[in-house]
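Working notes for the structure below.
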Amino acid sequence: MTAEHDHLEELVVHDQTHECGGFGESKVCVRIVGVADLPTRFGHFKIVGFWNNREAKDHVAIVHGDVVGGERVATRLHSECLTGDALGSLRCDCRDQLEAALKRIAETERGVVLYLRQEGRGIGLMNKIRAYALQDRGLDTVEANLALGFRDDERDYSIAAHMLMSLKIRSIALMTNNPNKVDQLQKLGINVAERVPHLLPPNPHNRFYLETKKNRSGHQIDFESLRVAEQADPVVVEDPEGHQ
Ligand SMILES: [Zn+2]
Ligand SMILES: [Zn+2]
């Protein structure tokens with residue numbers, strides 16, 4: 001086994017007795033419970049499984065290289081999206097974001113994707129489907145969430161912050177277009193050394209959703225430069241209906 005595998009294995013043993021009395025406002029505690037090899041079509045990773053004291057959700061980290069004790073570790077926080085990640089839905093850009101993150105991290109010396117089980121920006125799959133139904137009737141993604149009684153974004157990053165600390169990551173280069181994510185992590189004690197833009201060209205189905213993220217939720221997305229990137233870069237979302 002490699003040194004990085006040994007370092008992760010040590011954390012599994014170390015975490016058996018970990019108890020920090022709760023972390024962040026929500027008093028979360030997580031423990032690393034297992035680590036295994038994960039060869040993927042994007043590169044070779046380790047998958048690290050976490051237990052937490054809040055909810056019966058199995059959050060994981062997908063790790064490349066030796067991140068334990070690392071500085072400026074390339075980091076992506078990905079919130080689970082069943083429709084996008086697994087089913088290839090074009091209503092959002094989640095799958096493209098995830099695949100691009102895995103590819104980019106596989107090319108760096110050390111990096112991690114936290115795969116967080118907070119479907120639908122934290123509102124859950126059933127409510128996401130209800131929100132989609134409202135969007136089919138003309139509401140935008142923010143209006144739909146508000147109509148269902150949720151905030152625009154219900155995600156809470158205290159579990160993610162603890163996961164990074166459990167991995168003994170000292171500072172991160174966060175791959176995000178969302179300045180709010182940087183703020184939230186910093187408030188939770190994570191050293192965000194830099195923000196790396198994570199931009200992908202939109203497809204005809206998700207352009208409106210991305211524009212809403214930019215205009216309503218403060219995401220930093222520059223459509224003009226994406227359009228240029230789109231023309232220069234062959235990585236374009238496949239559209240089965242040929243709307244490209
Ligand atoms: Zn803890
Ligand atoms: Zn999605």
Every pair of residues 6+ apart whose Cβ atoms lie under 6 Å, when the first sits in the stretch 27-38 and is over 13 Å from Leu8 (Cβ atoms) while the second is among the hydroxyl-bearing types (Ser, Thr, Tyr) and within 11 Å of ligand 1 (Cβ to nearest atom): Val28/Ser158; Val30/Ser166
Near pairs, Cβ below 8 angstrom, 6+ apart or cross-chain, from the stretch 137-163 (under 15 Å from Glu25 (Cβ atoms) and at pLDDT 90 or above) to any residue that is of a type in the set (Gly, Ala, Ser) and more than 16 Å from ligand 2 (Cβ to nearest atom): Ser158/Gly24; Ser158/Ser26; Ala161/Gly24; Ala161/Gly189; His162/Gly24
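For the stretch 169-183, how many residues are closer than 24 Å to Asn127 by Cα and crowded, with 16+ Cβ neighbours inside 10 Å?
So in the stretch 169-183, the residues closer than 24 Å to Asn127 by Cα come out as 178, 180-181.
Okay, now just the ones that are also crowded, with 16+ Cβ neighbours inside 10 Å, so 178, 181.
Number satisfying all stated conditions: 2.
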Arg54 being within 16 Å of ligand 1 (Cβ to nearest atom), basic (Lys, Arg), surrounded by fewer than 19 Cβ atoms within 10 Å (Cβ to Cβ) and at negative phi: yes
Test for Ser166: is it among the hydroxyl-bearing types (Ser, Thr, Tyr) and crowded, with 20+ Cβ neighbours inside 10 Å: yes
Residue check, Ala144 in contact with a Lys or Arg (Cβ under 9 Å, 6 or more places away or on another chain), among the hydrophobic types (A, V, I, L, M, F, W, C) and within 25 Å of Val48 (Cα to Cα): no
Residue ID - nearest to Gly189 (Cα to Cα), chosen from residues in the stretch 39-60 that are without any contact (Cβ under 8 Å) to a residue 24 or more places away in the chain and among the hydrophobic types (A, V, I, L, M, F, W, C): Trp51
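The values are calculated or read from the model by the stated rules, or taken from the named source; none is laboratory data. Note that this is a predicted model, so its numbers are computed, not measured. Cβ: placed from backbone, ideal geometry, glycine included. Neighbour counts: every protein chain shown.
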